[in-house]
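Presented below is the structure to which this report refers.
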Amino acid sequence: MKKIFENPKSIFSTLNPEEKEDLLNHITLAYPKKNEFIFKEGEKPTAFMFLIDGKVIIYKEGVGGREQIIRMTKPPGIIGYRAMLAEELHIGSAIALEDSTVGLISQEYLYGKLLKNPDFTLKLLHKISRELGFSNMRTVTLTQKHIRGRLAESLLLLKEKYGWENDGATLKVYLSREDIANLSNMTTSNAIRTLSTFAGEKVIAIDGRKIRILDIHKLEKISKLG
């Protein structure tokens, strides 16, 4: 827990030692397993959540039950906050990509204590604003880029979000072909074909769900050209 409080990217880093100690006494921990739901679309938010360990994706069901991944989170990211702050139901579902640890803070404590701290509130506003900017950018690219550009951008996004394995080339996240398709706004068959094309062009190498980036500059060029 300490690493979350001390991480400068964490919204909790703005709290003073006394506030952090008090918060520790008001956090409940949940341990979702791989592929387990943390919350589902249409549910009422029950807590302000943040990721301590693991990886989480948030997706929304579209027309015909087709899913679209709208956010990916790693520690010390926050999840489930939009619906709570907007006093609405969740518009997407959150699922653990691997065994994870999630901290939960009650709505009463959030409004009664945390949001009364101006530094915390400002940090939260910055976080929400960045998420909004990212969503706006993704809306444009997912509707205007061609298949190759969308998939290249998704692979670069996975690299930026989750980083590399120890070899400095393999993405540190293992998504199914369907998840990669949902992230890239395309069908699973198109994602499989395009990944195979990238592999044939020596841009990436594929080993099951492991994807190794062989030529990141070419991948960036494909993404930029769209």
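The values are calculated or read from the model by the stated rules, or taken from the named source; none is laboratory data. All values derive from a computational prediction rather than experimental measurement. FYI the Cβ positions are ideal-geometry reconstructions off the backbone, even for glycines, and counts take in every protein chain you see. Quick note on the areas: whole protein, heavy atoms, side chains included, nothing else; ligands and nucleic acids left out. Shrake-Rupley method; radii C 1.70, N 1.55, O 1.52, S 1.80 Å.
A few remarks follow.
- Applying D = kT/(6 pi eta Rh) to segment 3-106, where Rh is the Kirkwood radius over alpha-carbon pairs, T corresponds to 37 °C and eta to 0.692 mPa s, the Stokes-Einstein value obtained is 231 µm²/s.
- For segment 85-90, Karplus couplings with θ = phi - 60° (6.51, -1.76, 1.60), whole Hz, Gly/Pro x: 5, 8, 6, 10, 7, 5
- The base-10 log of I(q)/I(0) for segment 4-62, evaluated at q = 0.20, 0.23 Å⁻¹, reads -0.95, -1.11 [Debye formula, identical scatterers on Cα atoms, solvent excluded].
- Basic side chains Lys and Arg get +1 at the Cβ, acidic Asp and Glu get -1 at the Cβ, and with that the dipole of segment 1-84 about its Cα centre reaches some 420 debye.
- Relative pair counts by distance (%), Cα atoms of the chain, 5 Å bins: 1, 6, 13, 18, 18, 15, 12, 8, 5, 3, 1, 0
- Where only alpha carbons of segment 157-206 are counted, the Rg and the Dmax (Å): 11.2, 31
- If you wrap the tightest convex hull around every Cα atom of segment 93-226 and split its volume per residue, you get 144 Å³.
- Interchain or long-range residues, amide H under 5 Å from residue 38's placed H: 94, 95, 96
- Accessible area per residue in Å² at 1.4 Å probe, computed on the chain: 53 Å²
- Phi-derived couplings, Karplus 6.51 cos²θ - 1.76 cosθ + 1.60 at θ = phi - 60°, listed residue by residue for segment 173-180: 7, 10, 9, 5, 4, 5, 5, 5 Hz, with x used for Gly and Pro.
- Computed from backbone phi with θ = phi - 60° and the Karplus coefficients 6.51, -1.76 and 1.60, the 3J(HN,Hα) list for segment 124-136 is 5, 5, 4, 4, 5, 5, 5, 5, 5, x, 4, 5, 5 Hz; x is used for glycine and proline.
- Residues with amide H under 5 Å from that of residue 113, placed H, sequence gap 5 or more: none
- With every protein chain in place, the chain: carbon and sulfur % of accessible area (1.4 Å): 53 percent
- Amide hydrogen neighbours beyond the local backbone of residue 67, cut-off 5 Å, H modeled: 62
- Using distinct alpha-carbon pairs, which all enter the 1/r mean, Kirkwood radius of segment 45-148 in Å: 15.1 Å
- Charge dipole of the chain about the Cα centre (unit charges at C-beta), most positive-ward option of 70, 208, 192: 192
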